[in-house]
């Protein structure tokens, strides 16, 4: 069974601070996605990374896929209250047809 | 996640009743995935369907749960004789293809159906 462990599980920070969320596995994934989920809503896709070592930027969010394609990180610069939500990583293996979701990181950004 | 339509948004059932959850994929998407999310937990894969075919049901409980995606109409997740432990948010996602040149084709999620069993 493939497992994706996210850390930290909970994170509460002040507006303007930087943060990094980690997504780790012992398994290799052909691609990895990051989602953000708000209360009462479905996950919204933020980015897909495919190549080992790949870095993608989305405004203040920077996503990196590990060289070995077993881990990923999400870095947020100058966090804002609107960044509050549940961040989920999800990996796909080439031989399967389903996404394996991580355990989630609940982020709260306060004024 | 705009475009994947799930209904109802909220569903309350008494123990022993049946629950039917519907999912209409995004236009042009022919692949549907169902996930379950328990409170304070991540999403767990249940089943993957194409039109008129169940491709992977490795995450489905062996009893009481079934899913279909007919040629016409939405995908249906059916839970018979519901129990309190079935209370959860059920999410549907759709994609155009399961893989494109070895790369996961991005899946988009609906807003979910929150099932409460009383």
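Of the residues making up region A:1-26, those that are touching a residue at least 40 places away in the same chain (Cβ under 8 Å) and not in a strand (DSSP E or B) are A:2, A:3, A:4, A:8, A:9, A:15, A:16, A:17, A:18, A:25, A:26.
Out of the residues in region A:85-111 meeting the condition of being without any contact (Cβ under 8 Å) to a residue 40 or more places away in the chain and in contact with a strand residue (DSSP E or B) (Cβ under 9 Å, 6 or more places away or on another chain), tell me which one is farthest from residue B:36 (Cα to Cα).
Kept after step one, since they are without any contact (Cβ under 8 Å) to a residue 40 or more places away in the chain, are these residues of region A:85-111: A:95-98.
Now narrow it down to the ones that are in contact with a strand residue (DSSP E or B) (Cβ under 9 Å, 6 or more places away or on another chain): A:96-98.
On the way: A:96: 18, A:97: 16, A:98: 13 Å.
If we take residues in region A:85-111 being without any contact (Cβ under 8 Å) to a residue 40 or more places away in the chain and in contact with a strand residue (DSSP E or B) (Cβ under 9 Å, 6 or more places away or on another chain), then A:96 is farthest from residue B:36 (Cα to Cα).
Quick grid of which residues meet (1) over 14 Å from the mean Cα position of the chain (by Cα); (2) modelled with pLDDT of 95 or more; (3) within 14 Å of chain A (Cβ to nearest Cβ):
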residue: B:54; (1), (2), (3): no, no, yes
residue: B:59; (1), (2), (3): no, no, yes
residue: B:75; (1), (2), (3): no, yes, no
residue: B:92; (1), (2), (3): no, yes, yes
residue: B:96; (1), (2), (3): yes, no, yes
residue: B:106; (1), (2), (3): yes, no, yes
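Every test in (1) surrounded by 20 or more Cβ atoms within 10 Å (Cβ to Cβ); (2) within 16 Å of the chain's Cα centre (by Cα); (3) closer than 23 Å to residue B:89 by Cα; (4) at pLDDT below 90 is passed by residue A:3 save one, and that test is (1).
Across region B:9-42, the number of residues qualifying as surrounded by 13 or more Cβ atoms within 10 Å (Cβ to Cβ) and modelled with pLDDT of 90 or more comes to 18.
Entry remark, region A:32-51: residues being out of contact with any strand residue (DSSP E or B) (no Cβ under 6 Å at 6 or more places or on another chain) and surrounded by fewer than 17 Cβ atoms within 10 Å (Cβ to Cβ) number 3 in total. Among the numbered conditions (1) crowded, with 20+ Cβ neighbours inside 10 Å; (2) outside any strand (DSSP E or B); (3) more than 12 Å from chain B (Cβ to nearest Cβ), the only one that residue A:29 does not meet is (3).
The values are calculated or read from the model by the stated rules, or taken from the named source; none is laboratory data. All values reported here derive from a predicted model rather than from experimental measurement. Positions of Cβ are generated from backbone atoms using ideal geometry, with glycine treated the same way; all protein chains shown enter the neighbour counts.
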